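Scroll down for the structure; my scribbles are underneath it.
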Amino acid sequence: MAKVQRRKTRLGSYKFASVLFSITLSLFITGLFGLIIIQAKTLTTLIRENIEVQVFLNKGLSSNQIKGLEQTLGKKPYVLNKEGKAMLHFISKEDAAQVFTQEVGEDFTKFLKDNPLRDSFTFSLEESYQSTSMIEEIAQELTSMEGVFEVTYMSDLVESINQNLVKVSLVLGAFILILMITVIILINNTIRLALFSQRFLIRSMQLIGATKGFIRGPFLWRAFFYGALGGIIASGMLFLLMEYGKQMIEGFNLLYNLEWLLLLFGALVLLGAFLSLLSTLRSVNKYLKMSLDELY
């Protein structure tokens, strides 16, 4: 009768597919939620950039006076700068009349015999200056400037945006906490179950005089590899999902922030490696401290 050869169990080896699948799935869900947060932040930035302050000028100002005001406003810290350029726009009273005529559908200057509108500057606010109290201070400062007639902004919109952002941040914070706890438990339990089959091998290595560091080494290296690989696979899946969204959803590319995505992908790889290492270390230490009777 032929002998059945049993496959030798290597120190640190355990089921590859199930552990990698669980780590990858956990990190993919975490990354998916991270994507939602990034998209929400990008969308919030776009909404905040639409919070504008309009500065109406006195009538009869010369071109030099208007240019001087433009230079002064452009240097203000609360005026949004993008790529080194102040988001400040001058609207002449003629342009304003033309826009108004297009919206109303009738040229009001024909029967008024005059253009009652004023030249104005419109600028977007830096995010750090978008509280209601700070905008009021900015409006007071601008009103006191020579050549400025009136300053207007949408106070109700600012207040509504700030209140809603606080509520959304609290909800997202709660979800992040719950998700992280779930992911940690899932990865920890998966690795603990995988190492359960290695408990007697760990005991055997102890009996022949192997040090704890020597026993831990193969497990920790494999855990690091599985965790990092799971993060890379999850990042690849998320990247493909983003590319698919760009092709299928119009305007989705406006929410595409490559810098934040790369940070998210790097965080997933590090998170996978760290959680896998930590769970493996806890499990191996547990079996190193157990007696033979407890192993059974």
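Each value in this text was obtained by applying a stated rule to the coordinates, not by laboratory testing. All figures in this text were calculated on a predicted structure; none of them were measured in a lab. Backbone-built Cβ (ideal geometry, glycine too); neighbour counts: all protein chains shown.
Per-structure values
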| read-out | value |
| --- | --- |
| Spatial separation of Cα centroids for the range 28-43 and the range 221-262, in angstrom | 10 Å |
| Bridge type composition, the range 52-153 - antiparallel percent by DSSP, nearest 5 | 100 percent |
| Percent of Cα-Cα distances greater than 24 Å, calculated over the range 52-153 | 29 percent |
| For the range 52-153: relative contact order, % (alpha-carbon pairs under 8 angstrom, 6 or more apart) | 48 percent |
| Of Lys67/Lys93; Lys212/Lys289; Lys41/Lys82; Lys41/Lys85, pairs whose Cα-Cα distance is over 19 Å | Lys41/Lys85 |
| Within-14-Å neighbourhood charge of Phe265 [Cβ basis; K, R +1; D, E -1] | -2 |
